[in-house]
Amino acid sequence: MKTIRFLSGLPRSGSTVLAGILNQHPSVHASSTSSLLDILIGTLKAWSESRSVKAAIDPKESEKEIHRILRTICDEKYSQIDKPIILDKSRTWASSRNISTMTQILGAPPKIIATVRNIPDCVASMVRVAKPTDLDEFLRTSDLVRHIKESYQNLESGYRLAPESILFVEYDDLVDNPQE
């Protein structure tokens with residue numbers, strides 16, 4: 001039986017490094033950025049917009065059915081991986097909406113590992129990667145900086161909803177002492 005857990009975090013906060021470290025364990029498969037969440041959202045959206053689903057006599061049964069389908073998608077996504085612990089990586093697993101939905105799908109609150117780093121350091125790292133010609137413009141209008149901001153807001157909303165679901169890993173701790 002596989003156990004699925006989730007890897008999230010701020011951009012430039014070490015989630016890729018953490019996935020690489022965890023992949024060294026023989027029982028763990030940590031994905032690179034995964035499409036699982038997008039697939040689940042797309043399926044849920046198609047389900048909710050379906051005329052036949054809206055015409056269903058029993059909405060509670062319909063809800064149970066979509067949760068079974070979404071759970072099957074989660075299981076099938078990693079059916080070819082021969083490791084008992086799966087870590088699926090996506091920036092938005094830790095949003096309150098996704099935590100609520102996954103609690104219904106899994107039958108228990110999800111467990112999420114989220115890497116974090118102070119925002120100025122995330123932005124500074126993004127600047128080093130993007131090498132903008134106009135730093136002020138980049139900081140004001142960049143999609144990359146907006147992505148950091150949105151990721152922070154997702155983490156904050158998820159933590160407010162379900163602090164017991166999120167284990168934060170500080171970037172500095174990860175870099176300074178990766179074994180621990």
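Solvent-accessible surface of the chain, taken per residue with a 1.4 Å probe and all protein chains present: 61 Å². Dividing the mean sequence gap of close Cα pairs (under 8 Å, 6+ apart) by how many residues the stretch 33-131 holds gives a relative contact order of 28 percent.
The separation of the stretch 112-162 from the stretch 38-57, counted between C-alpha centres, amounts to 32 Å. Treating each Cα of the stretch 79-180 as one equal point scatterer and applying the Debye formula with no solvent, the log10 of I(q)/I(0) at q = 0.11, 0.16, 0.24 Å⁻¹ comes out as -0.44, -0.84, -1.24. The ellipsoid equivalent to the alpha-carbon distribution of the stretch 108-156 has semi-axes of 26, 11, 8 angstrom, derived from the gyration tensor eigenvalues as √(5λ) and listed largest first. The order of His147, His25 by accessible area, most exposed first and with a 1.4 Å probe, is His25, His147.
What a 1.4 Å probe finds exposed on the chain is 53% carbon and sulfur by accessible area, rounded to a whole percent. Taking 7 Å steps out from each Cα toward its Cβ at Ala55 and Ser157 produces label points 3.4 nm apart. For the chain, the calculated P(r), taken from all Cα-Cα distances in 10 Å bins from zero up to the bin holding the longest distance, is 9, 32, 32, 18, 7, 1 percent. Taking every alpha-carbon pair under 8 Å whose residues sit at least 6 apart, the chain reaches a relative contact order of 36 percent. Within the shell defined by Cβ-Cβ distances under 15 Å, the residues around Phe138 carry a net charge of +2, with Lys and Arg each +1 and Asp and Glu each -1.
Sorting Lys54, Lys89 by accessible area puts them as Lys54, Lys89; the probe is 1.4 Å, largest comes first, and only protein heavy atoms count. Only protein heavy atoms count here; on that basis, with a 1.4 Å probe, Thr3 has an accessible area of about 50 Å². Per-residue extension of 0.36 nm, minus the Cα-Cα distance of Thr103 and Phe168, leaves a gain of 21.5 nm for this segment. These residues, Glu170, Glu164, go from largest to smallest accessible area, 1.4 Å probe, as Glu164, Glu170. Once the Cβ-Cβ distance of Ile81 and Lys131 is raised to the sixth power relative to R0 = 41 Å, the FRET efficiency obtained is 0.65.
The values are calculated or read from the model by the stated rules, or taken from the named source; none is laboratory data. What you are looking at is a predicted structure, and each value in this text was computed from that prediction instead of being measured. As a convention, Cβ positions derive from the backbone with ideal geometry for all residues, glycine included, and neighbour counts pool all protein chains shown. With ligands, DNA and RNA removed, areas are computed over all heavy atoms of the protein, side chains included. Shrake-Rupley method; radii C 1.70, N 1.55, O 1.52, S 1.80 Å.
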